[in-house]
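The values are calculated or read from the model by the stated rules, or taken from the named source; none is laboratory data. These numbers were taken from a predicted model, which means no experiment stands behind them. Every residue, glycine as well, gets a Cβ built from its backbone with ideal geometry; the counts of neighbours run over all protein chains shown.
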Amino acid sequence: MADTSVPLQQPSRSRDLDKLLLRPGNLVGPTFEPGEQLSKDLDEYVRILVVGAGGLGCELLKDLALSGFRNLEVIDMDRIEVTNLNRQFLFRLEDVGKPKAEVAAKRVMERISGVDIVPHFCRIEDKNIEFYNEFAIIALGLDSIEARSYINTVACSFLEYDSDDNPREETIKPMVDGGTEGFKGHARVIMPGITPCFECTIWLFPPQVKFPLCTLAETPRTAAHCIEYAHLIKWDEVHRGVPFDPDNPKNMKWVYDEAVKRAELFGIPGVTYSFTQGVVKNIIPAIASTNAIISAACALETLKIATGCSKTLSNYLTYNGSEGLHTKVTEFERDKDCLVCGPGIRIELDPSITLQKFMDLLEEHPKLQLSKASVTHRGKNLYMQAPPVLEEMTRPNLSLSLFNLMGKLPKDIVHVNGMTSKNDQKTSCLRKLRVVFKGVDGVADMDTAGGA
Amino acid sequence: MAEPKVKYDRQLRIWGDQGQAALEKSNICLLNCGPTGSETLKNLVLGGIGSITVVDGSKVEAGDLGNNFLVDQSSLGQSKAKCVCSFLQELNDAVKAKFVEEYPDTLIETNPSFFSQFTLVVATQLVESSMVKLDRICREANVILIFARSYGLTGFVRISLKEHTVIESKPEHFLDDLRLNNPWPELKSFAEGFDLNVQDPVAHKHIPYVVILVKLADEWAKSHGGSLPSTREEKKEFKAGMVAQDEDNYREAIESSFKVFAPRGISSELQQILNDSSVEVDSSSSDFWVLVAALKDFVTNEGGGEAPLEGSIPDMTSSTEQYVNLQNIYQAKAEADFLAIEQMVRNTLKKIGRDPNSIPTATIKSFCKNARKLKVCRYRPIENEFNSPNLPELQKYLTDEDYSIAVGIYILLRAVDRFAANYNSFPGQFDSAMDEDIARLKSTTIGLLNDLGCNSAALPEDLINEMCRFGAAELHAVAALVGGIASQEVIKLITRQFVPISGTYIFNGIDHKSQILFL
């Protein structure tokens, strides 16, 4: 397959990458087709979205641009701050205040010719869902569970299943997700329908520690207690109605002063301005090296998914560099009943059925046996059992046709929340249903959008 | 110029002002500024490293534009070291950046004294023979050395110096030092001042769990000939009395009961350090070993088998007043232990002919707080590892499924260097010779394994093929990852905080099952 008369040293930019993309191998992905065409396709057609232009995002943009990807977009709603400069290497002191996405895109394009990066200075929710469907792979460099959850829901909403409950390959939107904190980090590959999605393994994220209110109010013992008292209790008492702004230095100083007073009152040491900021803003320590490591792992996986040039990470890598170096690869399994990436239970209905009749059906359905159901469709409440105000508002829908309520779609996803019996105990449960209306002309193959 | 404190806020929260000061005082040398070396240095420069010298004799060519962010179009044809240096300067105008347009191998051969001026040398993309020579030079000059290499989807990082001692190892999870299994007189009498059967419910639910456990343990010992619960039944019985109390402090006491059952005294790891031959100190001993000598004296005598008390206590359900009182008890003992050790340190310094005040009080204090967490890292000279690796370990890796790719990479990375020495190019460097190279690499590998004493071992064919496919490519993503790890190790070595990697870290970018090998 390799050309035997290739001249020795070609002055090519892709001198190193070529070895990986132009040559056949044995430890490669199942669909790997080495050659110039692969290189060209990567260059011309593959679009990658980088979500976040901070510590991970800057590294990701660089790594992807130097891994053969030419068409990148980056989205970030934040502006550059001084405390970013110890690791977000695309930004300089004079850039403070400017939008991260725009500066990052500009800097990478300046240094790497031929790469095109479109910046989006906005919230991820501001883009319509179809925007995310343009990309072959979405690489995440985020710092919150909520943001990850959102992108995950969007990417999984493109997923469709065939009649054998297998995911349809062309609807799978791969995501590569990275996260860091001090010397620790993780990198994971998410193939909706195949590997667990973010929601399937939500239990991986430990709940955030919150101090009991009585400790803060009556028996503080640590500096953090004094700080949170000032932040969560005293602020509201004194500044009725005015929300606390953690980015306002005056607000922060006020909290610090109050915390100091309280600490002195109780004889508690350790309240410093720096510590106060850390507790109030939940500051996560961050360094360049960990971000570099995790982003590089993510970029490498992105390259592998896009080209098949090697085996992929399967599917979750944890990393800890504080004591020696520990990495572990875990192959997590999907939750078949996942409300976000699962197929949902398929229900065939007559288009004339009312919402009330539909709910009655749920009680009788052998796999569901769901009573007192609340029903939502694409985020809209069709019927809510509670609170009374909502119940009253949605009650008229009960006698309406479900098909009409669902915008006359021949099939779509519906979420139902109700009570079910398990081992003689009644428990609440949420279920994803694939509703299909019999005999309706299903011309438009609609997205099975996740309405969550 | 950005006010240093603010810019570095996010990292100061990890290594503090002292760690930062150590970074800002250091002088680093980088050998070869391809992406592996450049990325290593980029991270260090961003973090505020004091001075850097980039050594590389090559000129920037088209291929470099495809894998190195620190060179750009305008640098084509120029000295790579010069270009990388100027970009690094842009990243942090406080760093003192120099470059030397010279091939590292030449410097190693002709000017070994060049390296003595540096705190640490980051040697990237060196072949086996150069590694051995450089290692000798740096050991001689007492310069910290760290090797890093990217090769296709593989790589490695290996620190090399005689000894690295750590006081502030800052382990993530480490048991608090409450001494519930061995309370001292003041703690005992503090606990005696509480009545576990107090009528007032508010008082009852605010008794700190430390007090609960000290009292219950004392009661138990009195009725069991002085011993604490040791069998499963005894431990269950001990906890049973507390289960009935449905209060937070009792719940905390149950959760922490294991601290009562834990064996007294110091860990075996610490005992090993106290038994080390370096504890026999003399005037050439490092401060660390002088401190350890004093620690050994304390543990053996005044400490009664225990290290100095750490002094802090975790948060627990309690009234503020009682919590603060309890804190004071612990702090007082920690202070007393510290003063005893301080005296021993000053005496030891005098004995070995050093100024008794030459180790600052703050250092001794930090040493006492961290005494249970000390770490000593030692590294074999590269030559020794290469010529006579730990054979049992090597054989274990070769037959263990979890290690097979990693150890395969380790062997192959050395085999490709031998190959290059014989054939003047790396295997697979040219498309035309692929099949031939695979065969040659295979026989080179077998030869190497024989030399190392592993005659019957064989590496997976696929891996050998893959190594040829790589053709010594330096891929950016891999270089960034390996460089990231190298930079992190440099930080640990210079700040003397956290624990550096012992052994050789092998990066496996094929399935990410990377491993650390101890050879």
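Scanning segment B:312-324 for residues that are in contact with a Gly (Cβ under 9 Å, 6 or more places away or on another chain) and surrounded by 15 or more Cβ atoms within 10 Å (Cβ to Cβ) yields a count of 2. Confirm whether A:Ala286 is assigned to a helix (DSSP H, G or I) and either modelled with pLDDT of 95 or more or within 26 Å of the chain's Cα centre (by Cα) (or both). Against the criterion (assigned to a helix (DSSP H, G or I) and either modelled with pLDDT of 95 or more or within 26 Å of the chain's Cα centre (by Cα) (or both)), A:Ala286 does not qualify.
Selection within segment B:175-191: residues that are touching a residue at least 12 places away in the same chain (Cβ under 8 Å) and not in a loop (DSSP other than H, G, I, E, B). The member of this set that is surrounded by the fewest Cβ atoms within 10 Å (Cβ to Cβ) is B:Lys188. Applying the criterion of being touching a Ser or Thr at 6+ places or on another chain (Cβ under 8 Å) and in contact (Cβ under 8 Å) with a residue 12 or more places away in the chain to the residues of segment B:164-174, the residue that is farthest from B:Glu310 (Cα to Cα) is B:Thr165. The residue of segment B:21-51 that is nearest to A:Asn86 (Cα to Cα), among those that are within 10 Å of another protein chain (Cβ to nearest Cβ) and assigned to a helix (DSSP H, G or I), is B:Leu46.
What about B:Gln322, is it within 14 Å of chain A (Cβ to nearest Cβ), touching a residue at least 60 places away in the same chain (Cβ under 8 Å) and within 18 Å of B:Leu180 (Cβ to Cβ)? Don't jump to the end; show me each part of the working.
Working: within 14 Å of chain A (Cβ to nearest Cβ): yes; touching a residue at least 60 places away in the same chain (Cβ under 8 Å): yes; within 18 Å of B:Leu180 (Cβ to Cβ): yes.
When the stated conditions are applied, B:Gln322 passes them.
Within segment B:193-212, the residues that satisfy the criterion of being in contact (Cβ under 8 Å) with a residue 60 or more places away in the chain and under 41 Å from the mean Cα position of the chain (by Cα) are B:His206, B:Ile207, B:Pro208, B:Tyr209, B:Val210, B:Val211. Using the structure shown, decide if B:Leu493 is assigned to a helix (DSSP H, G or I) and buried (at least 20 other Cβ atoms within 10 Å of the Cβ). Considered against the rule, which asks whether it is assigned to a helix (DSSP H, G or I) and buried (at least 20 other Cβ atoms within 10 Å of the Cβ), B:Leu493 comes out as yes. Filter segment A:104-128 down to the residues that are in contact (Cβ under 8 Å) with a residue 40 or more places away in the chain and basic (Lys, Arg) and list them by number. Passing the criteria: A:Arg123, A:Lys127.
Among the aromatic types (Phe, Trp, Tyr) and in a helix (DSSP H, G or I): is that true of B:Phe194 in this structure? Please lay out each step first, then the result.
On the way: among the aromatic types (Phe, Trp, Tyr): yes; in a helix (DSSP H, G or I): no.
No: the conditions fail for B:Phe194.
Yes or no: B:Phe114 facing chain A (nearest Cβ under 10 Å) and at pLDDT 95 or above? Talk me through it step by step, then tell me what you get.
Details: facing chain A (nearest Cβ under 10 Å): no; at pLDDT 95 or above: yes.
In short, no.
Looking at B:Asp64, B:Asp56, B:Asp72, B:Asp9, which is the one that is under 19 Å from A:Asp16 (Cβ atoms) and facing chain A (nearest Cβ under 8 Å)?
Details: B:Asp64 fails: facing chain A (nearest Cβ under 8 Å); B:Asp56 fails: facing chain A (nearest Cβ under 8 Å); B:Asp9 fails: under 19 Å from A:Asp16 (Cβ atoms).
Every option except B:Asp72 fails the conditions.
Residue by residue, here is whether (1) of a type outside the set (S, T, N, Q); (2) in contact with a strand residue (DSSP E or B) (Cβ under 8 Å, 6 or more places away or on another chain); (3) over 30 Å from A:Asn315 (Cα atoms) holds:
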| site | (1), (2), (3) |
| --- | --- |
| B:Asn424 | no, no, yes |
| B:Gly447 | yes, no, yes |
| B:Ile464 | yes, no, no |
| B:Cys468 | yes, no, no |
| B:Leu481 | yes, yes, no |
| B:Ile485 | yes, yes, no |
| B:Glu489 | yes, yes, no |
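Of all the numbered requirements in (1) in contact with a helix residue (DSSP H, G or I) (Cβ under 8 Å, 6 or more places away or on another chain); (2) within 14 Å of another protein chain (Cβ to nearest Cβ); (3) of a type outside the set (Lys, Arg), B:Ile167 misses one, and that requirement is (2).
Considering only helices (runs of 4 or more DSSP H) fully contained in segment A:96-201, which possess at least 1 residues that are in the same structural domain as A:Thr312 (by TED's automatic domain parsing) and of a type in the set (S, T, N, Q)? Reasoning before the result, please.
Details: elements: A:100-111, A:129-132, A:145-157.
Ranges flagged: A:145-157.
Do we find a residue being over 30 Å from B:Asp287 (Cα atoms) and part of a loop (DSSP other than H, G, I, E, B) anywhere in segment B:152-164? Yes, some residue in segment B:152-164 is over 30 Å from B:Asp287 (Cα atoms) and part of a loop (DSSP other than H, G, I, E, B).
When each of B:Lys442, B:Lys396 is tested for being surrounded by fewer than 24 Cβ atoms within 10 Å (Cβ to Cβ) and either within 14 Å of another protein chain (Cβ to nearest Cβ) or over 25 Å from the mean Cα position of the chain (by Cα) (or both), the lone residue that passes is B:Lys442. The set of residues in segment A:174-188 being surrounded by fewer than 23 Cβ atoms within 10 Å (Cβ to Cβ) and farther than 20 Å from A:Ala288 by Cα consists of A:Pro174 alone. Here A:Thr327 fulfils each of the conditions (1) part of a strand (DSSP E or B); (2) in contact (Cβ under 8 Å) with a residue 12 or more places away in the chain; (3) within 12 Å of another protein chain (Cβ to nearest Cβ) apart from (2).
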